[in-house]
Structure formats: C-alpha cells, structure tokens
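The values are calculated or read from the model by the stated rules, or taken from the named source; none is laboratory data. What you see is a predicted model; the values in this text were computed from it and never measured. When we count neighbours, we look across all protein chains shown, and the Cβ atoms used for this are built from the backbone with ideal geometry, even at glycine. Quick note on the areas: whole protein, heavy atoms, side chains included, nothing else; ligands and nucleic acids left out. Shrake-Rupley method; radii C 1.70, N 1.55, O 1.52, S 1.80 Å.
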Amino acid sequence: MKKYNYPIIQTLLDTDAYKLHMQQAVFFCYKNVHVVAELICRGPNVLGNYSNILLDQINMMESLSLTHEEYLYMNSFPFFKKEYLHWLKNFRYNITQVKVNNYNGQLHIRITGLWKEVILWEVPILSLISEIFHKNHNPEITPKIAINYLNLKLKKFFDSTKGLDLSRLKIIDFGTRRRFSYDVQYSIIKRLKETFPFLIGSSNYHISRILKLSPVGTQAHEWFQAHQQISSNLRYSQSLALKIWLCQYNNYLSIALTDCITMDSFLRDFDLFLSKSYQGIRHDSGDPIQWAEKALKHYKRLGIDPSTKTLLFSDNLNFKKIITLYKKFQSKINVMFGIGTQLTCDIPNVKPLNIVIKLVKCNGKPVAKISDSPGKKFCLDKKFMESLFQTFNLPFNGSK
C-alpha cells in the first residue's frame, strides 16, 4: 500500500469555491450553529483499509493556514469581507472534530463541531480519499496519461461540433472532490486553459489563483439542509435560506441550487422576488431536460424573460451530455456547465469513487436531502424525512 511522507493537501484554498462562500455566510449569520456530517458511499464501501493513511493526511492538515499572498488574492474579490478574511487567516483545521474508523473494511467518517469550522472539511477529505484510493489501485496513471486521454476526448468534441455555433458555450471545472489526484486535476485544467476556449473557470480557488482563472461557486445542499433546523418554521426553511443568501451577497454569487427538497418544491418557493433577484439556478439531480423545461416555464409564468437568466448544469456531465444540452437550450436561455468527475477522474481502466460527505444534524436535530434522483436521497431519521415530505406536500414511500 502506497505510503505518503508529504501532505497531499498543501493549501486551504485547495477546495471548492462554494465552501468558502458558504463559510463566510455562516461566519456572519450563524456563528454558533453546531453540525454533524458523515461520509456516504453511494456504492460499495471498500475504503476502510485506507483509514490510517487518511488519518495521517488529516493530521498534516492541522498546520495549514492562509498565506499572505492567498489573503491578498481573496481580498481582491468584492464579495469577501475583511472581517471574515481576517478570521480565515487565523483559521486552523481542528483535527479533533474528525473521527475516522475502519469497520470490517468499511470507512466511516463523522465530523462534529461548529458549522463555520466543519464546513471546510468535506472537500479536502473527499479528495484525499479519492487520491489515496486511486494511486493505490492505479499507480501507473500519471498526469501525462490523463492528458493524452483528454486530448482524444477534445478531438472527438471538436469533430462532433463542426458547424455548431459554440459562441455561448461556457464550461467550468467542478472536479476537485472526486479527482484522480491533485496533479491530474491541475494538469487537465492547465491543458484546457491552453487549448479549450470554452473553459471559463474552476470551482477550485487554488487552481484558479495559480492558472489565473475565475473561481466559480455559490452554495451547496448543506446551506438548505441546515436551515431546516435553523428556521422556526420548516415550511419556510428553503425560502429563508434563499433570502439570507441574498442578504449576504446581494448581486454576487446568485445562482441557486434547486434540488435539496426537489425542483418542484423549490419552484413553489422561488417566487417573483427571488426569481428576479437570483441570476439563475443550478441542476444537480434528476432529468436535466425536464428540469430545464420546468425552469423555462417557471420564468415565463412569472413574466421574466428567460434570456436574462442562467441555467447551470452540474450533474454527472461529460462532453457528450454538454453538447446535447447546449444544442437544446442555448437559444432559449443562458447555459453553463460544471463538469466534475468525468473531467478529473475520467481515465481508461479507472472507476471513480461515488462518495460524498453530507450534513446529518444541525443543532442536534436531523436534516435531510431529498433530491430529484432517488439514489441521492439521505436522512438518518425516518420520522424527520416523513415530516419533510409532508410539509412540502411530496409523496413519501418510506425508504431511507
């Protein structure tokens, strides 16, 4: 088994942009909110044997801190506030918050603490698991091999889009969490920047800084999940989450995630004020064509010109899916595409891990994600899940 005598994660900024955006909102709005998060394997959990290597890497993260150059970089964005950045400069990972165990070959991870601190653990831990696993299973894979395969995919992409107007095509790297390795992700994004004019940014702040790309990201499911227990009324928790976000960021970072409690329930809450205020919405589960059609119908019903709004697709995309969705919707509404695992861990003979870390409790009480894909639904408390379904008038089948 491959051992490491160096830290894989070498900077606080080697994370998804929405983690830092959410962390700032939590810092100002919910300083004392306590959460619990757990690892979820959406496939066979055969990762327990890597628990000791993972623990060693987590322990190395304790010494990470924002450098002066990184601080100045973050300070260059108008939506980051100095009070938060000053706090972030003094932030250190608290390794006592993370419990890692190997139960009969299965990897179990539980993270407990203040939300403003716990929020930064998810992405680096997932990327650590992915890199440790893949480098043990596929030690022969190098960035050069990944680039060679990327070149083949890009050739196929350009061959299949000859004659198609791609002037409105915008693609973003969303591949940090389940990348093959940091080196592979960096090399792929660097090559895309050099040869692929449709790449407009990356969700990774570190890679964006190094390669001079735009960092892209808004909020994740946990923002809406936590509000299920922060809000005094469960029915209005989604609306509260959307409004608090607007108060924090005004005209910045205004793409809303739609599927924490299904697209249909989201649209019921996404009233005229919110629909006008947000630049657009993000797809992360369910049929993307049906989802987009619902979005178009929603904007038109409210008298909003869809051409002024944006749909960001981000669920298990590859170049073929992107072309299909672009052809269908680019003339009707602005479209963007966040491509993750199928970009940074798409290598012959490599099977990407399907792992996530999700909130399971907020302030000691259960939270849930319903989603528009049955396999992404999750809650530890069946009674709370049933209550959530009833509150939002959704059919409940009793499954976890």
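Kindly provide the set of residues from region 148-172 that are open to solvent by less than 20 Å² (accessible area, probe 1.4 Å) and either part of a helix (DSSP H, G or I) or more than 30 Å from residue 41 (Cα to Cα) (or both), ordered by number.
The initial filter retains those residues of region 148-172 that are open to solvent by less than 20 Å² (accessible area, probe 1.4 Å), namely 150, 154, 157, 161, 169, 171-172.
The answer is 150, 154, 157, 161, 169.
Of all residues in region 119-134, which are of a type outside the set (Asp, Glu) and either farther than 18 Å from residue 361 by Cα or open to solvent by 10 Å² or more (accessible area, probe 1.4 Å) (or both)? Lay out the reasoning, then the answer.
We begin by selecting, within region 119-134, every residue of a type outside the set (Asp, Glu); these are 119-121, 123-130, 132-134.
Those that are of a type outside the set (Asp, Glu) and either farther than 18 Å from residue 361 by Cα or open to solvent by 10 Å² or more (accessible area, probe 1.4 Å) (or both): 123, 124, 125, 126, 127, 128, 129, 130, 132, 133, 134.
What are the residues in region 95-113 that are open to solvent by 60 Å² or more (accessible area, probe 1.4 Å) and within 19 Å of residue 63 (Cα to Cα), if any?
96, 99
Conditions (1) more than 30 Å from residue 140 (Cα to Cα); (2) modelled with pLDDT of 95 or more; (3) charged (D, E, K, R); (4) over 19 Å from the mean Cα position of the chain (by Cα), marked per residue:
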residue	(1), (2), (3), (4)
334	yes, yes, no, yes
338	no, yes, no, no
343	no, yes, no, no
358	yes, yes, yes, no
368	yes, yes, no, no
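Show me the strands (runs of 3 or more DSSP E) entirely contained within region 298-400 in which 1 or more residues are closer than 18 Å to residue 238 by Cα. I'd like the intermediate steps shown before the answer.
On the way: elements: 310-313, 334-339, 355-362.
Strands (runs of 3 or more DSSP E) meeting the threshold: 355-362.
Return a yes/no flag: does region 208-230 have any residue that is open to solvent by 20 Å² or more (accessible area, probe 1.4 Å), out of contact with any Leu (no Cβ under 8 Å at 6 or more places or on another chain) and more than 30 Å from residue 141 (Cα to Cα). Give the steps one after another, and end with the answer.
Keep residues of region 208-230 that are open to solvent by 20 Å² or more (accessible area, probe 1.4 Å), which gives 209-210, 212-216, 229-230.
Add one more test, that the residue is out of contact with any Leu (no Cβ under 8 Å at 6 or more places or on another chain), and what stays is 210, 212, 214-216, 229.
Retained after the next criterion (residues that are more than 30 Å from residue 141 (Cα to Cα)): 229.
Checked region 208-230: at least one residue is open to solvent by 20 Å² or more (accessible area, probe 1.4 Å), out of contact with any Leu (no Cβ under 8 Å at 6 or more places or on another chain) and more than 30 Å from residue 141 (Cα to Cα).
Starting from region 63-80, keep only residues that are under 17 Å from residue 210 (Cα atoms) and open to solvent by less than 30 Å² (accessible area, probe 1.4 Å), then list their pairs with residues that are in a helix (DSSP H, G or I) and not small (Gly, Ala, Ser) whose Cβ atoms are within a distance under 7 Å, requiring at least 6 positions of separation or different chains.
These pairs meet every condition: 66/88; 66/89; 74/85.
For residues in region 1-31 being within 24 Å of residue 379 (Cβ to Cβ) and not in a helix (DSSP H, G or I), which is most open to solvent (accessible area, probe 1.4 Å)?
Per the criteria, the residue is 30.
Can you tell me which residue in region 187-207 is nearest to residue 148 (Cα to Cα), limited to those that are out of contact with any helix residue (DSSP H, G or I) (no Cβ under 6 Å at 6 or more places or on another chain) and crowded, with 19+ Cβ neighbours inside 10 Å?
Taking the candidates together, the pick is 192.
Just to be sure, is residue 116 in a helix (DSSP H, G or I), modelled with pLDDT of 95 or more, surrounded by 21 or more Cβ atoms within 10 Å (Cβ to Cβ) and not hydroxyl-bearing (Ser, Thr, Tyr)? Give the derivation first.
Numbers: in a helix (DSSP H, G or I): yes; modelled with pLDDT of 95 or more: yes; surrounded by 21 or more Cβ atoms within 10 Å (Cβ to Cβ): yes; not hydroxyl-bearing (Ser, Thr, Tyr): yes.
Yes; evaluated as a whole, the condition is true for this residue.
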